[in-house]
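This report refers to the structure that appears directly beneath it.
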Amino acid sequence: MASSDVHVRICEQEIIKYDLEIKALVQDVNECIGPHVKLTELNAKVKAKFNNLRLRIQDLDQMGREQDKESDKLALLSEVDRHRKQMVSNQTAWRKANLASKLSLDNLEKESLLYGGDSEFRHRKVTKEGLAQSSSDITESLMSISRMMSQQVTQSEETMTTLATSSQAVLETNDEFKAMTGTIQLGRKLITKYNRRELTDKLLIFLALALFLATVFYILKKRFFFFL
């Protein structure tokens, strides 16, 4: 049961990590100032993160359905539903960010063609780059949080390994106790059997001695009467 709880915690931590990474990438998409190749690369990364997130949510759903207690099962399935809704919300934000970024890129290209080296256009571009830098700083902070969560996942995996090793040791000790119990029971049976055999031997010796004494007494009595 403890091992199952560890798996659930690791899965939930990875879901949160992918959610944060997706939000950061969506923000990058929204602030992308080109070129189109950069936007394509960002979208590919977002798609890969969504695939990973979807798989982990499916894993959590499977763990929820395998719970023995009904309360645990309902709680996990509720979490699965919440994560799925959050994923849909992120997908909606991703689509809006793509539309906004493509529209911005199209407008920048039009202004570049119309105004060429106009100072106003350059000023707009510099402002856009400043916003992109701010977004990059935010993204870096989110990625730092993601790395911290990844370390927690690694620590949880190590804890799970330790628990598994401890469980194996407990099982081996239990087997040894069972073997010792069997040996003790066998020894008890042998001692009981020996005690019974010893009692029987004593009884036979007593009967033989009583028979011997009765015989001697009979012979002596017979001879005594004979002399009389």
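The values are calculated or read from the model by the stated rules, or taken from the named source; none is laboratory data. Here the structure is a predicted model, which means the values were calculated and not measured. Glycine gets a Cβ as well: all are built from the backbone with ideal geometry, and neighbour counts include every protein chain shown. Side chains included, ligands, DNA and RNA excluded: accessible areas come from the protein's heavy atoms. Shrake-Rupley method; radii C 1.70, N 1.55, O 1.52, S 1.80 Å.
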Item to check | Complete set of residues in region 26-82 that are without any contact (Cβ under 8 Å) to a residue 40 or more places away in the chain, assigned to a helix (DSSP H, G or I) and of a type in the set (Lys, Arg) | outcome: Lys38, Lys45, Lys47, Lys49, Arg54, Arg65, Lys73, Arg82
Item to check | Arg56, sole failed condition from (1) over 21 Å from Lys96 (Cα atoms); (2) surrounded by fewer than 17 Cβ atoms within 10 Å (Cβ to Cβ); (3) of a type outside the set (A, V, I, L, M, F, W, C) | outcome: (2)
Item to check | Single residue of region 43-53 satisfying the filter (in contact with an Asp or Glu (Cβ under 9 Å, 6 or more places away or on another chain) and open to solvent by less than 90 Å² (accessible area, probe 1.4 Å)) that is nearest to Leu105 (Cα to Cα) | outcome: Val46
Checklist outcome for this item: In region 85-107, anything crowded, with 16+ Cβ neighbours inside 10 Å and not small (Gly, Ala, Ser) is listed as Gln86, Met87, Asn90, Trp94, Asn98, Leu105
Next on the checklist: Which count do you get for residues in region 1-42 that are open to solvent by 30 Å² or more (accessible area, probe 1.4 Å) and more than 24 Å from Gly64 (Cβ to Cβ)?
Outcome noted: 12
Next on the checklist: Among the numbered criteria (1) modelled with pLDDT under 65; (2) under 35 Å from the mean Cα position of the chain (by Cα); (3) open to solvent by 50 Å² or more (accessible area, probe 1.4 Å), which one does Asp81 miss?
Outcome noted: (1)
Checklist entry - Would region 69-77 turn up any residue that is buried (at least 17 other Cβ atoms within 10 Å of the Cβ), within 30 Å of Glu109 (Cα to Cα) and not basic (Lys, Arg)? => result no
